[in-house]
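See structure below.
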Amino acid sequence: MLADSSVSRLVDHWAAFEGEERLSYSEWISRSYRELMSLNEHSMQALSWRRLYLSRAKLKASSRTSALLSGFAMVAMVEVQLEANHEYPPGLLIAFSACTTVLVAVHLFALMISTCILPNIEAVSNVHNLNSVKESPHERMHRHIELAWAFSTVIGTLLFLAEVVLLCWVKFLPLRKNQNDNSNNTNAITPGQAAAIASTSIMVPFGLVFIVFAVHFYRSLVSHKTDRQLQEIKELSEFARLQNQLDNRAEALDTPGSHFA
């Protein structure tokens, strides 16, 4: 923590000050202040590097996920074989076509953002220089990175689950009963309908669990970031308090008759 490390450094400097007779208290104050400023600057650089690595990891995950799921969706649309002698419900075909198109468009948009931003971040992260983090566009493109992450992992995944359900209905709905079946019950569920209903019954609860997990994960992440911000505020307030104490001591010792030899 910044406050604990600052206190330890001040104690070390005070011990050095006690052993050095030629070092005045004002000089010790100046040296301690410069040391604390350097520590604060290194902490800010470490935070910037952590954000850069997080942005790079999000873009890599988004690009891989979007390329994979959009490829699966295109293959599913191309390879599905519609029965010419079966009359499909128009709503089913429209929903399947629209879901596939939106799915591919969402993932390609996330892939485009990742492809455009990721090379610039990779170029900066490979430079072994602490100050090079300022050249990375991850801070300015933060909203675009979060948009690509949301499109790829949240919206794109939900659309892919819906795509699987619609694909099952399109694939299995034409399956009818055996022609040798003499049953006169025309309202009975066909094997194709039973298979589609089974896949829907499995996927709907899984989709609800996915939504609950996404909301819980987002709330936990926001709570963690809030706690970290509060902790950083406390560290900064402690740092300001130590700085005020040092300044007050310096002013008290700079008065006549209070200088060190």
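Overview of values
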{"read-out": "Accessible-area order (highest first, 1.4 angstrom probe) of the listed residues GLU232, GLU139", "value": "GLU139, GLU232"}
{"read-out": "Karplus (6.51, -1.76, 1.60) ³J(HN,Hα), θ = phi - 60°, over the stretch 143-158, in Hz, Gly and Pro reported as x", "value": "5, 5, 5, 5, 5, 4, 5, 5, 5, 6, 9, 10, 5, x, 5, 5"}
{"read-out": "Solvent accessible area, Å² - HIS138, 1.4 Å probe, full protein context", "value": "10 Å²"}
{"read-out": "Whichever lysines have a C-alpha closer than 25 Å to that of LYS225, once near sequence neighbours (fewer than 8 apart) are set aside", "value": "LYS58, LYS60, LYS134, LYS234"}
{"read-out": "Karplus (6.51, -1.76, 1.60) ³J(HN,Hα), θ = phi - 60°, over the stretch 87-97, in Hz, Gly and Pro reported as x", "value": "9, 6, x, x, x, 5, 5, 5, 5, 5, 5"}
{"read-out": "Nonlocal amide H pairs with LEU175, under 5 Å, H built at 1.01 Å", "value": "GLY192"}
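The values are calculated or read from the model by the stated rules, or taken from the named source; none is laboratory data. None of the values given here were measured: they were computed from a predicted structure. With ligands, DNA and RNA removed, areas are computed over all heavy atoms of the protein, side chains included. Shrake-Rupley method; radii C 1.70, N 1.55, O 1.52, S 1.80 Å.
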